[in-house]
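Take a look at the structure below.
The values are calculated or read from the model by the stated rules, or taken from the named source; none is laboratory data. Note that this is a predicted model, so its numbers are computed, not measured. Reconstructed Cβ throughout: ideal geometry from the backbone, glycine too, with neighbour counts over all protein chains shown. Accessible surface areas use protein heavy atoms only, side chains included; no ligands, DNA or RNA. Shrake-Rupley method; radii C 1.70, N 1.55, O 1.52, S 1.80 Å.
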Amino acid sequence: MDGMMAEAAFIDIGGLDDIPLRGARTVATAHGTIAVFRTGDDAVFALRDSCPHRGGPISHGIVHGHGVTCPLHGWVFSLESGAALGEDAPCIARFRTRIEGRRILLDIAGPILAA
């Protein structure tokens, strides 16, 4: 794609209250399973549901602030960037989200590439 982003393709995946505070749910897409997180301040983020270390489901991790701790090995990932915090590790692919009213929209056009 020569550095160009795919055109957005947002789909409605449910209401904000369908995801508990500091929780996650998963959505199956053509790009694999995506974990959609809701933070304690009602921000919503989406990451590929696979930790780059062992492939564990990051959706099973503990959400704190704008981060999530992998349930398999304790690495902490930024929900905003997908980057491992304090680790020299690959990022988790992230996807665009937005909230309209109290509905969550997920961009399934493809992941946002790390800068």
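A compact table of results
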quantity: Of all residues making up the range 85-98, the number that are over 15 Å from residue 14 (Cα atoms), open to solvent by less than 50 Å² (accessible area, probe 1.4 Å) and part of a strand (DSSP E or B); calculated: 1
quantity: Residue among 82, 110, 67, 101 that alone is surrounded by fewer than 17 Cβ atoms within 10 Å (Cβ to Cβ) and out of contact with any Pro (no Cβ under 7 Å at 6 or more places or on another chain); calculated: 101
quantity: Subset tally (residues that are at pLDDT 95 or above and over 24 Å from residue 30 (Cβ atoms)) for the range 43-60; calculated: 1
quantity: Filter result (crowded, with 23+ Cβ neighbours inside 10 Å and assigned to a strand (DSSP E or B)) within the range 39-55; calculated: 45, 46, 47
quantity: Single residue of the range 1-32 satisfying the filter (part of a strand (DSSP E or B) and loosely packed, with under 14 Cβ neighbours inside 10 Å) that is modelled with the lowest pLDDT; calculated: 32
quantity: Per-region count, the range 78-100, residues touching a residue at least 12 places away in the same chain (Cβ under 8 Å) and of a type in the set (Asp, Glu); calculated: 2
quantity: Odd one out for residue 59, checked against (1) surrounded by 18 or more Cβ atoms within 10 Å (Cβ to Cβ); (2) assigned to a loop (DSSP other than H, G, I, E, B); calculated: (2)
quantity: Cβ-Cβ under 7 Å pairs, at least 6 apart or on other chains, the range 63-77 side farther than 16 Å from residue 21 by Cβ, far side among the basic types (Lys, Arg); calculated: 72/54; 73/54
quantity: Flag if residue 104 is assigned to a strand (DSSP E or B) and either at pLDDT 95 or above or in contact with a Ser or Thr (Cβ under 9 Å, 6 or more places away or on another chain) (or both); calculated: yes
quantity: Residue that is acidic (Asp, Glu) and touching a residue at least 12 places away in the same chain (Cβ under 8 Å), where the choices are 41, 107; calculated: 107
